[in-house]
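**Student:** Sharing a structure with you now.
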Amino acid sequence: MSDFVRAWMAERRESRFPNVVTMAFFSPHSQMVTLEQYSRTDLPKALLANDHRKAAEILATISHELTHWADLVGTIWGRTFMKRVYQAFRLLPTPEKPPSEVDFPSFVDLHDEARRMTFPKYYQTVVEANQPHSAAHPWQIGFSAGQEIDPLGRLDPTKPILFVRFLDHKTGALLIRQPLTVGALLETTAVASEYSVVRTYLEAKVPENQRTAMGDDVTKDALSRLYAPSLTLYSAPVHLFAHYAGIKDAALAYRQAATIAHICLNLCDDHFEGIKLPESMALWANLYPAFKQRGDRAFAFAVICSNLEVWQDGIDETNWIDRALIRAGLPDRQSIIEQATEVIAMHQPGGNGTPFDEAERYMLELGLLAARGRSNNPAFSPMHAQSYMGVVPPMFDSEGEIYLFPNDKFELTRFVPEAMIELDWALYGYTRNLLSGCR
């Protein structure tokens with residue numbers, strides 16, 4: 001491993017999609033997954049030794065991060081963000097092209113948009129509870145709205161924020177205030193992919209006499225994460241969804257919430273115009289136009305969930321979600337996904353003659369295949385990647401070496417991981433220096 005890759009890994013651990021225990025992370029600017037705790041030999045060893053718990057753990061982690069990748073390259077939201085990243089790469093100064101003041105706002109705007117995926121700690125409140133909460137002792141749930149603080153310290157009415165509030169089970173005292181963001185929606189789809197791949201692994205690989213115990217452990221883990229105060233970025237959308245749907249089954253809640261999150265990541269600009277403000281959000285009517293104008297996908301998620309009927313076993317899930325979409329002023333799910341796929345198919349690289357045009361083109365090609373493959377189910381894993389695209393994206397392992405799955409035909413001549421992290425680091429350094437002069 002080169003010293004450069006090692007330094008990049010250390011610097012970029014705090015990505016916009018943080019895995020809190022640093023098992024792995026995804027860098028949307030480089031489009032690379034880094035496995036912090038696993039070498040490229042760990043999964044084959046676990047499979048060979050029939051160490052099912054370790055194999056499932058590694059597959060779940062990889063699937064979580066690959067879902068972030070698929071949401072970046074294969075949704076309307078992700079491709080819009082990725083286009084801005086490649087535009088910023090093209091604006092970076094070179095020996096032949098000195099810095100241009102005209103380009104400065106593009107770098108700052110991209111930085112701010114990336115920051116909004118999760119928002120800084122300032123916007124989150126966490127108060128120590130007198131006793132832990134759990135499925136048996138659940139948080140009360142509330143909601144609130146506010147506004148971003150601009151660089152001059154003023155509230156910005158054009159940039160509203162929706163918050164999920166977690167309250168003490170007995171007293172109703174505020175314990176946690178978590179911004180509901182695109183990053184939270186991304187974590188919802190990623191965690192749902194974890195449970196999907198583990199369930200598939202259980203059915204395919206684990207002996208029947210071991211499945212119940214291992215399945216119980218998966219359920220226990222899901223419930224513990226739902227009530228971990230440090231993980232509300234991951235769980236806030238699911239709690240909001242479960243609040244309206246009346247669902248207590250964690251795996252079911254994640255799967256259905258991920259379906260709605262995936263819909264929201266694929267809303268086109270014209271969809272936001274039709275969203276209707278529910279009566280339960282009338283208090284924030286003054287912020288409603290800005291939510292729509294900004295195309296706030298987390299806000300759309302909350303509106304859709306607020307229109308759900310209480311879930312009952314035996315309900316047709318597709319029709320149930322479609323009814324909520326229509327009440328929210330949106331088309332049905334199939335229409336939204338079909339329109340998004342048509343738009344995605346029209347995307348083209350934004351440059352001509354730059355060294356990374358081919359990398360962007362390859363990501364757009366793979367993203368279209370991923371979008372088509374996920375049209376009915378947003379779950380994503382190495383197996384889904386192989387099925388939909390014929391390749392699994394490369395990753396860096398814990399030693400900084402390129403990790404490819406066996407017989408993977410990913411075209412490393414079109415997308416060069418080392419070159420992408422060089423661009424990522426150059427963009428990061430240039431932007432940080434620029435911010436030191438204007439913030």
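**Student:** Can you confirm whether the stretch 165-185 contains a residue that is assigned to a loop (DSSP other than H, G, I, E, B), aliphatic (A, V, I, L, M) and touching a Ser or Thr at 6+ places or on another chain (Cβ under 7 Å)?
**Tutor:** no
**Student:** Right, next: Look through 380, 396, 415, 410 and report the one residue that is without any contact (Cβ under 8 Å) to a residue 40 or more places away in the chain and either among the aliphatic types (A, V, I, L, M) or closer than 19 Å to residue 26 by Cα (or both).
**Tutor:** Criteria check complete, one pass: 410.
**Student:** I'd like the residue in the stretch 71-114 that is assigned to a helix (DSSP H, G or I) and polar (S, T, N, Q) and, out of all such residues, is nearest to residue 296 (Cα to Cα).
**Tutor:** It comes out as 80.
**Student:** Count, please, the residues in the stretch 345-370 that happen to be part of a loop (DSSP other than H, G, I, E, B) and open to solvent by 30 Å² or more (accessible area, probe 1.4 Å).
**Tutor:** 7
**Student:** Which members of the stretch 377-403 meet the condition of being surrounded by fewer than 21 Cβ atoms within 10 Å (Cβ to Cβ), at pLDDT 95 or above and of a type outside the set (Gly, Ala, Ser)?
**Tutor:** Within the stretch 377-403, 377, 382, 383, 386, 388, 391, 394 meet the criteria.
**Student:** Could you please tell me which pairs satisfy a Cβ distance under 8 Å, a separation of 6+ or placement on different chains, a first residue in the stretch 284-299 that is farther than 9 Å from residue 160 by Cβ, and a second residue that is hydrophobic (A, V, I, L, M, F, W, C) and not in a helix (DSSP H, G or I)?
**Tutor:** Note: pairs meeting the criteria are 285/277; 292/275; 295/267; 297/267; 298/162; 298/180.
**Student:** Only residues in the stretch 220-243 that are free of Cβ contacts under 8 Å to residues at least 24 places away in the same chain and of a type outside the set (S, T, N, Q) count as the first member; pair them with residues that are in a helix (DSSP H, G or I) and buried (at least 17 other Cβ atoms within 10 Å of the Cβ), Cβ under 7 angstrom, at least 6 apart or cross-chain, and list the lot.
**Tutor:** Pairs that qualify, where the first residue is free of Cβ contacts under 8 Å to residues at least 24 places away in the same chain and of a type outside the set (S, T, N, Q) and the partner is in a helix (DSSP H, G or I) and buried (at least 17 other Cβ atoms within 10 Å of the Cβ), are 242/253.
**Student:** Now for a separate question. If you check every pair at least six apart or on different chains, which have Cβ atoms under 9 Å apart with a residue in the stretch 157-174 that is farther than 14 Å from residue 124 by Cα first and a residue that is in a strand (DSSP E or B) and acidic (Asp, Glu) second?
**Tutor:** Correct list of pairs: 158/148; 159/148; 160/148.
**Student:** Farther than 21 Å from residue 391 by Cβ, outside any helix (DSSP H, G or I) and open to solvent by 60 Å² or more (accessible area, probe 1.4 Å) - does that describe any residue in the stretch 20-36?
**Tutor:** Taking every residue of the stretch 20-36 in turn, at least one turns out to be farther than 21 Å from residue 391 by Cβ, outside any helix (DSSP H, G or I) and open to solvent by 60 Å² or more (accessible area, probe 1.4 Å).
**Student:** Out of 322, 270, report the one residue that is open to solvent by 10 Å² or more (accessible area, probe 1.4 Å), touching a Lys or Arg at 6+ places or on another chain (Cβ under 7 Å), farther than 13 Å from residue 162 by Cβ and not in a loop (DSSP other than H, G, I, E, B).
**Tutor:** 322
**Student:** Against the condition in contact with a helix residue (DSSP H, G or I) (Cβ under 8 Å, 6 or more places away or on another chain) and open to solvent by 50 Å² or more (accessible area, probe 1.4 Å), how does residue 373 come out, does it pass?
**Tutor:** no
The values are calculated or read from the model by the stated rules, or taken from the named source; none is laboratory data. Keep in mind the model is a prediction, meaning the values are calculated, not measured. We place every Cβ from the backbone using ideal geometry, glycine too, and count neighbours over all the protein chains shown. In case anyone asks, the SASA skips ligands and DNA or RNA and just uses the protein heavy atoms, side chains included. Shrake-Rupley method; radii C 1.70, N 1.55, O 1.52, S 1.80 Å.
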